[in-house]
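To keep things clear, I will list the structure first and then write my remarks on it.
The values are calculated or read from the model by the stated rules, or taken from the named source; none is laboratory data. Everything numeric here is computed off the predicted structure, so don't read it as measured data. Positions of Cβ are generated from backbone atoms using ideal geometry, with glycine treated the same way; all protein chains shown enter the neighbour counts. Just so you know, the surface numbers come from the protein's heavy atoms only, side chains and all, with ligands and any DNA or RNA stripped out. Shrake-Rupley method; radii C 1.70, N 1.55, O 1.52, S 1.80 Å.
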Amino acid sequence: VALVVGIAGACGKQELCQMKIDDIRDLGSAVLIRIPDTKTKKSRSFTISGEFYEIYKKYAALRPPAVIERRFFLNYQNQKCTRQPVGKNKFASIPKQIATYLHLKNPELYTGHCFRRSSATMHCNDVL
């Protein structure tokens, strides 16, 4: 889900970390996400739809009902979410974990900036 949101919204690790459930609006067939606090101090919004929306919905449904924490991303463990929010260092390590899983060369070179960089490249190539 971090990969989907990170690439769809060109999000950096800090933006993913600070994302709140109040910044997300489920439209029924898509989700609208607003990033209010960016590096450039200019908010932006983006949508996620189709099969990626389905991935979002599966993760969102795992949120424990009585959690007070407002951050969207919670620690995922044993096929469920805990009450602990995901920190920026965890987001920084996710690209390396994905590269390792995919058996890519030099997975240590995949950093927390990869989602943002990959998103920009995909937009330039009209992939998204």
Q) All other residues with a Cβ under 12 Å from the Cβ of LYS80 taken together, and with Lys, Arg as +1 and Asp, Glu as -1, what is their net charge? A) +3
Q: Give, in nm to one decimal, the length gained when the segment between ASP22 and HIS113 is fully stretched (0.36 nm per residue of separation minus the Cα-Cα distance).
A: 30.3 nm
**Q.** For peptides 53-63, 38-48, sequence by mean Cβ density within 10 Å, most packed first
**A.** 53-63, 38-48
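Hey, what's region 43-108 come to in accessible area per residue, 1.4 Å probe, Å²? If you can, show how the numbers build up before the last one.
Numbers: 4670 Å² over 66 residues.
Computed with neighbouring chains in place, this is 71 Å² per residue.
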Q. Okay, helix-only estimate at 222 nm for the chain: each DSSP H run of n ≥ 4 adds -39500 (n - 2.57), divide by all residues, round to 500 deg cm²/dmol; what do you get?
A. -11000 deg cm²/dmol
Q: Taking the Cα atoms of the chain, report the difference between the largest and smallest coordinate on each principal axis, in whole Å and largest first.
A: 42, 32, 30
Q.
I'd like the FRET efficiency for HIS103 and TYR76, computed as 1/(1 + (r/R0)^6) with the beta carbon distance as r and R0 of 22 Å, rounded to 0.05.
A. 0.45
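Would you mind calculating the gained length between ALA61 and ALA120 on full extension (0.36 nm times residue separation, minus the Cα-Cα distance), in nm to one decimal?
Details: separation 59, 0.36 × 59 = 21.24 nm, distance 2.93 nm.
18.3 nm is the gain from fully extending ALA61 to ALA120.
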Q. HN-Hα J couplings of region 2-10 from phi, Karplus 6.51/-1.76/1.60, θ = phi - 60°, integer Hz, Gly and Pro as x?
A. 4, 4, 4, 5, x, 7, 4, x, 6
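Carbon and sulfur together cover what percent of the accessible area of region 48-120 at a 1.4 Å probe radius? If you can, show how the numbers build up before the last one.
Values: 2780 of 5030 Å².
On region 48-120, the fraction of accessible area on carbon and sulfur atoms equals 55 percent.
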